[in-house]
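Colleague: Following this message is one structure expressed as C-alpha cells.
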Amino acid sequence: MEHTTNQYPLLEIDLKKLRNNIEQVVNRCSKVGIEVAGVIKGFNGIPQVSEQFKLGGCRYIASSRLEQIEDAKNYGIEGPFMLIRIPMPTEIPRLVSLAEYSLQSEISVIDALNEECIRQNKKHSIILMADMGDLREGFWDKDEMAKAALHIEKDLENVHLLGIGTNLGCYGSIKPTPEKMNELIEVAEKIEDTIGRQLEVISGGATSSFTMVHDGTMPKRINHLRIGEGIILAYDLQKDWGYDMSYLNMDAFTLKAQIIEVKDKPTYPVGEIFIDAFGNVCEYEDRGIRRRALLGLGKLDACDLTKLLPRTENIEILGGSSDHTIIDVEDNTDNLQVGDILEFDICYTTMLFLTNSKNVNTQCI
Ligand SMILES: *Cc1c(COP(=O)(O)O)cnc(C)c1O
C-alpha cells in the first residue's frame with residue numbers, strides 16, 4: 001500500500017508539458033500570420049494554468065465564463081481578455097469592466113454594450129459572429145450582419161468592430177475546411193465593402209480549425225484562432241482526426257484515484273434487475289466471477305467514467321455511480337490492492353467536470 005498524505009482524487013497538471021503545447025501551437029500559427037486566443041474554459045480557468053497561456057505567447061486569454069476571466073485578473077494575469085460566449089444581457093456591466101474583447105451576434109446587446117462603455121468610460125472591441133452552418137451562435141442572414149456592422153462602425157462611439165469570426169464543429173458537427181474559411185472571408189469582404197475599410201481580424205474557429213494550419217491549407221486572410229483543447233489535451237486531433245500530433249504532450253493532465261475495494265464478484269447482478277442509481281435501464285454481460293476494484297471517484301467528479309483512459313494495462317472501466325467507479329482488474333497482473341493509486345489520462349468532458357469538482361484536489365507540478 002502506498003503511504004502518502006495526498007488527497008485523492010488528485011488531478012495533477014504538468015505546467016512544463018502544457019507550456020510546450022502552447023508554444024508549439026502558437027509558433028505554428030504565428031508562422032502563417034495567425035494570432036491565438038488561448039481558451040481556458042476546458043480546465044475551468046485555474047489561474048496557475050491560465051498564466052501559462054500568457055507566458056507561452058497567446059495574444060489573448062479567452063473564456064466563455066466571466067468568472068474565469070475575473071479569477072485570472074485577480075491572480076495578476078495580464079490580459080487582454082476575450083469573452084467567447086456571446087454575453088447574457090445582464091453580464092454587460094461585468095463584461096465591460098473585466099474584458100477588452102468579446103464575440104457578439106445581437107445588435108440590441110451591442111447597443112447596450114456601447115451604453116455601458118460610455119457609463120464606465122471604456123472602449124471595447126468586438127468580433128461579430130457569422131453562422132457558417134454549424135447552427136450555434138452568429139448571424140445567419142449576412143445582409144443583416146453587414147447592416148449591423150455598418151451601425152457599429154457609424155453610430156457606436158465606444159464599441160470598435162475588430163472583425164468577424166465563426167465557430168464550427170460544435171453543435172452541427174460541421175468540419176472546418178478551406179472552403180468554409182473562404183466563405184467566411186467572402187462575408188468579411190462584403191462587410192469591408194459596406195463599412196469602407198479593412199477588418200483587422202478574421203477569426204476562423206477553434207482547435208478543429210487548427211487542422212488547416214497543421215496541413216498548410218489555411219487561407220491567408222484568416223489571422224485569428226481561439227484554441228483550447230488542441231493545446232490543453234491535444235487529444236482530439238490525434239484520436240478523432242488521425243493527425244500525428246507527436247510534437248504535443250497528450251499527458252499534461254494526470255488523474256490519480258485510489259482503490260477502496262478489491263474482490264472477486266459475479267459480473268451479472270444477482271436478483272431482480274430493475275433500474276440503476278440514475279433511473280437507467282442497463283444491460284449486463286455475464287462473464288462469470290471476476291476480480292473487480294472500486295475507486296473513490298464517481299460521476300460527480302468526472303461525469304462519464306467510461307471516458308477515462310487508464311494508464312494501467314489490462315483494466316477495464318465498467319461504470320459506476322455518483323461516488324464510485326467500478327473496474328474489472330481480472331486480467332491485470334499487478335496484484336492491485338486497496339490503497340493503490342491508479343492513473344488516468346482524461347478527455348475534454350472529464351476535464352470539464354474534474355476541474356470543477358470541489359472534491360478533486362488539483363495540483364500543478
Ligand atoms: C470553446 C470555444 C472555443 C475553443 O474550443 P476548443 O475546441 O477547445 O479549441 C473557441 N471558440 C468558441 C466560441 C468556443 O465556445
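Colleague: Among the residues of the stretch 202-219, count how many are within 16 Å of the ligand (Cβ to nearest atom) and either outside the structural domain of P178 (by TED's automatic domain parsing) or assigned to a helix (DSSP H, G or I) (or both).
Modeller: The total comes to 8.
Colleague: Before we move on, is K54 at pLDDT 95 or above, part of a helix (DSSP H, G or I), closer than 21 Å to F210 by Cα and more than 14 Å from the ligand (Cβ to nearest atom)?
Modeller: yes
Colleague: Okay, next question. Looking at V36, is it assigned to a helix (DSSP H, G or I) and among the aliphatic types (A, V, I, L, M)?
Modeller: Against the criterion (assigned to a helix (DSSP H, G or I) and among the aliphatic types (A, V, I, L, M)), V36 does not qualify.
Colleague: Of these, L294, L225, L248, L237, which one is touching a His at 6+ places or on another chain (Cβ under 8 Å) and within 16 Å of the ligand (Cβ to nearest atom)?
Modeller: None of the others qualify; the one that does is L237.
Colleague: Something else: Can you tell me how many residues in the stretch 263-276 are over 12 Å from I326 (Cα atoms) and not in a loop (DSSP other than H, G, I, E, B)?
Modeller: Qualifying residue count, the stretch 263-276: 2.
Colleague: For the stretch 1-15: of the residues being touching a helix residue (DSSP H, G or I) at 6+ places or on another chain (Cβ under 9 Å) and either of a type in the set (F, W, Y) or not in a loop (DSSP other than H, G, I, E, B) (or both), which is surrounded by the fewest Cβ atoms within 10 Å (Cβ to Cβ)? Walk me through it before giving the result.
Modeller: Of the stretch 1-15, the ones touching a helix residue (DSSP H, G or I) at 6+ places or on another chain (Cβ under 9 Å) are 9, 11, 13, 15.
Filter once more, keeping what is either of a type in the set (F, W, Y) or not in a loop (DSSP other than H, G, I, E, B) (or both): 11, 13, 15.
Values: L11: 26, I13: 20, L15: 15.
Step by step, filter the stretch 1-15, then rank; the result is L15.
Colleague: Just the residues that are within 17 Å of the chain's Cα centre (by Cα), part of a loop (DSSP other than H, G, I, E, B) and modelled with pLDDT of 95 or more, please, taken from the stretch 221-247.
Modeller: G228
Colleague: So, one more: Give me the residue from the stretch 163-192 that is over 27 Å from the mean Cα position of the chain (by Cα) and touching a residue at least 40 places away in the same chain (Cβ under 8 Å) and, out of that set, surrounded by the most Cβ atoms within 10 Å (Cβ to Cβ).
Modeller: Residue satisfying both the conditions and the ranking: I191.
Colleague: Restricting the search to the stretch 128-162, which residues are more than 13 Å from the ligand (Cβ to nearest atom) and at positive phi?
Modeller: Selection gives G133, L135.
Colleague: Now, a different point. Out of the stretch 309-347, which residues are crowded, with 19+ Cβ neighbours inside 10 Å, in a strand (DSSP E or B) and out of contact with any helix residue (DSSP H, G or I) (no Cβ under 6 Å at 6 or more places or on another chain)?
Modeller: I327, L342, F344
Colleague: I'm checking my understanding of the structure. Among residues of the stretch 20-49 that are within 14 Å of the ligand (Cβ to nearest atom) and free of Cβ contacts under 8 Å to residues at least 60 places away in the same chain, which one is surrounded by the fewest Cβ atoms within 10 Å (Cβ to Cβ)?
Modeller: V26
Colleague: Output the residue which, of all residues in the stretch 277-299 that are assigned to a loop (DSSP other than H, G, I, E, B) and surrounded by 11 or more Cβ atoms within 10 Å (Cβ to Cβ), is modelled with the lowest pLDDT. Give the derivation first.
Modeller: Within the stretch 277-299, the subset assigned to a loop (DSSP other than H, G, I, E, B) is 277-288, 296-298.
Narrowing the set further to residues that are surrounded by 11 or more Cβ atoms within 10 Å (Cβ to Cβ) leaves 277, 282, 284, 287, 296-298.
Values: A277: 84, C282: 87, Y284: 90, R287: 94, G296: 97, L297: 97, G298: 97.
Going through the qualifying residues, I end up with A277.
Colleague: Identify all residues within the stretch 67-85 that are assigned to a helix (DSSP H, G or I), in contact (Cβ under 8 Å) with a residue 24 or more places away in the chain and acidic (D, E); write none if there are none.
Modeller: Across the stretch 67-85, the qualifying residues are E70, D71.
Colleague: What pairs can you find where one residue is in the stretch 339-356 and within 16 Å of the ligand (Cβ to nearest atom), the other is part of a loop (DSSP other than H, G, I, E, B) and among the charged types (D, E, K, R), and their Cβ atoms are less than 8 Å apart, with a gap of 6+ or different chains?
Modeller: Short answer, once both residue conditions are applied: T349/D304; T350/D304.
Colleague: Inspect all residues belonging to the stretch 220-231 and state whether any of them is hydrophobic (A, V, I, L, M, F, W, C), in the same structural domain as S102 (by TED's automatic domain parsing) and farther than 21 Å from G42 by Cα.
Modeller: Within the stretch 220-231, one or more residues are hydrophobic (A, V, I, L, M, F, W, C), in the same structural domain as S102 (by TED's automatic domain parsing) and farther than 21 Å from G42 by Cα.
Colleague: I would also like to ask the following. Report yes if T350 is in a helix (DSSP H, G or I) and closer than 25 Å to Q48 by Cβ, otherwise no.
Modeller: yes
The values are calculated or read from the model by the stated rules, or taken from the named source; none is laboratory data. Worth saying up front: this structure is predicted, and the values here are computed from it rather than measured. Note that we place each Cβ from the backbone using ideal geometry, even for glycine, and neighbour counts take in every protein chain shown.
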